[in-house]
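J.: Sharing a structure here in structure tokens format.
The values are calculated or read from the model by the stated rules, or taken from the named source; none is laboratory data. Computed from a prediction, not measured in an experiment: that's the story for all the values here. So basically every Cβ, Gly included, is an ideal-geometry build from the backbone, and we count neighbours across all protein chains shown. Surface areas here come from the heavy atoms of the whole protein model, side chains and all, with no ligands, DNA or RNA. Shrake-Rupley method; radii C 1.70, N 1.55, O 1.52, S 1.80 Å.
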Amino acid sequence: MTADHASSPFDLQDRVVIVTGGAVGIGKIYSERLAELGAHVVIADIAADAGDALAKSIVSNRGSAISVATDIADPIATDAMAEAALKAFGKIDALVNNASLMSTLPRRSWLEIPLEEWDRVMQVNLRGLFLCCRSVVPHMKARKKGKIVNIASTRVFEGTPNRLHYTTSKGGVLAFTRALAREVGEDNITVNCIAPGLTLSETQLASSSQSYLANSYDQGRAFVRPQVPADLVGALLFLLTDASDFMTGQTLVVDGGRVMH
Ligand SMILES: NC(=O)c1ccc[n+]([C@@H]2O[C@H](COP(=O)([O-])OP(=O)(O)OC[C@H]3O[C@@H](n4cnc5c(N)ncnc54)[C@H](O)[C@@H]3O)[C@@H](O)[C@H]2O)c1
């Protein structure tokens, strides 16, 4: 079943990839595309029904996927996520830390953010990231190879206001990426980051006004068109495969050329 020596540096065939938040929005597109490219996908999402339906649909299209109901802020759940991946597929090659609290957050002044909302954002977006890595890295370490891809946001570089907790947490994702990369380098595990610009996921579309969405690409993008989830897949594929084996601690901005990092 395993194909650790890939014929192409971009080969994902039989790689086991956990995608957190992999059932909805951009994560759903990641799960579908990775399965089409031959990966065994572990959909780890708090949206369990959507995860189950997506796994079923991938399998019915001759792909390979399982769904594991996971709240990434819960250490018992993230350990269970890793165990489920091992039980189903025997190894874990890669972890995509895509889950976050974003589209459900109102855009409002920083002084109007309730304390409980601030805490929950940090709990999911940062503690969740830490817990997922903590549950998965020991298994990568044992095999002396692994790929971790964290999802930040161009908000970090633009200082985008009105979701201050969310923007702050994504700055943490970037710092986490850099420091963890140094801690796990000796185990041949890469830790990199993608910073998407505003992307028309189904959830972003449902939670944003037309004028807010239009501003995202009318102002300052080299490619003046909306960004869609499929625009992120190439960068993800690069960071998940052998093609990026000597690259770690880095952040790839994918936003049509608005932020140049
Ligand atoms: N859409 C954008 O414009 C945009 C821009 C920059 C970065 N991002 C980032 O890209 C990623 C995906 O964005 P999206 O638009 O699909 O966002 P989204 O809000 O639609 O999706 C987030 C996903 O995380 C899951 N999730 C939420 N809390 C969870 C928890 N506690 N445990 C497990 N899963 C949980 C949700 O069910 C969902 O599948 C996020 O990290 C987001 O911050 C998105």
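J.: So, restricting to helices (runs of 4 or more DSSP H) that lie completely within segment 132-235, which ones have at least 3 residues that are closer than 28 Å to ARG15 by Cβ and without any contact (Cβ under 8 Å) to a residue 60 or more places away in the chain?
T.: Per the criteria, 164-184.
J.: Could I ask something else about it? Checking VAL68 against (1) touching a strand residue (DSSP E or B) at 6+ places or on another chain (Cβ under 7 Å); (2) more than 14 Å from the ligand (Cβ to nearest atom); (3) not small (Gly, Ala, Ser), only one condition comes out false. Which one?
T.: (2)
J.: Let me ask another. Quick test of your reading of the structure: VAL17 fulfils all but one of (1) in a strand (DSSP E or B); (2) within 15 Å of the ligand (Cβ to nearest atom); (3) under 20 Å from SER244 (Cα atoms); (4) not charged (D, E, K, R). Name the failing condition by number.
T.: VAL17 satisfies all of (1) in a strand (DSSP E or B); (2) within 15 Å of the ligand (Cβ to nearest atom); (3) under 20 Å from SER244 (Cα atoms); (4) not charged (D, E, K, R) except (2).
J.: Of SER135, SER209, which residue is within 14 Å of the ligand (Cβ to nearest atom), modelled with pLDDT under 95 and among the hydroxyl-bearing types (Ser, Thr, Tyr)?
T.: Result of the check over SER135, SER209: SER209.
J.: Let me ask you something else. Only one residue in GLY220, GLY249, GLY256 is touching a helix residue (DSSP H, G or I) at 6+ places or on another chain (Cβ under 8 Å) and open to solvent by 20 Å² or more (accessible area, probe 1.4 Å). Which one?
T.: GLY256
J.: Name every residue in segment 25-40 that is under 25 Å from SER7 (Cα atoms) and either more than 9 Å from the ligand (Cβ to nearest atom) or open to solvent by 60 Å² or more (accessible area, probe 1.4 Å) (or both), in order of residue number.
T.: SER31, GLU32, ARG33, LEU34, ALA35, GLU36, LEU37, GLY38, ALA39, HIS40
J.: Looking at segment 89-117 only, could you name the residues that are more than 26 Å from ILE189 (Cα to Cα), more than 15 Å from the ligand (Cβ to nearest atom) and touching a residue at least 24 places away in the same chain (Cβ under 8 Å)?
T.: Within segment 89-117, ARG108, SER109, TRP110, ILE113 qualify.
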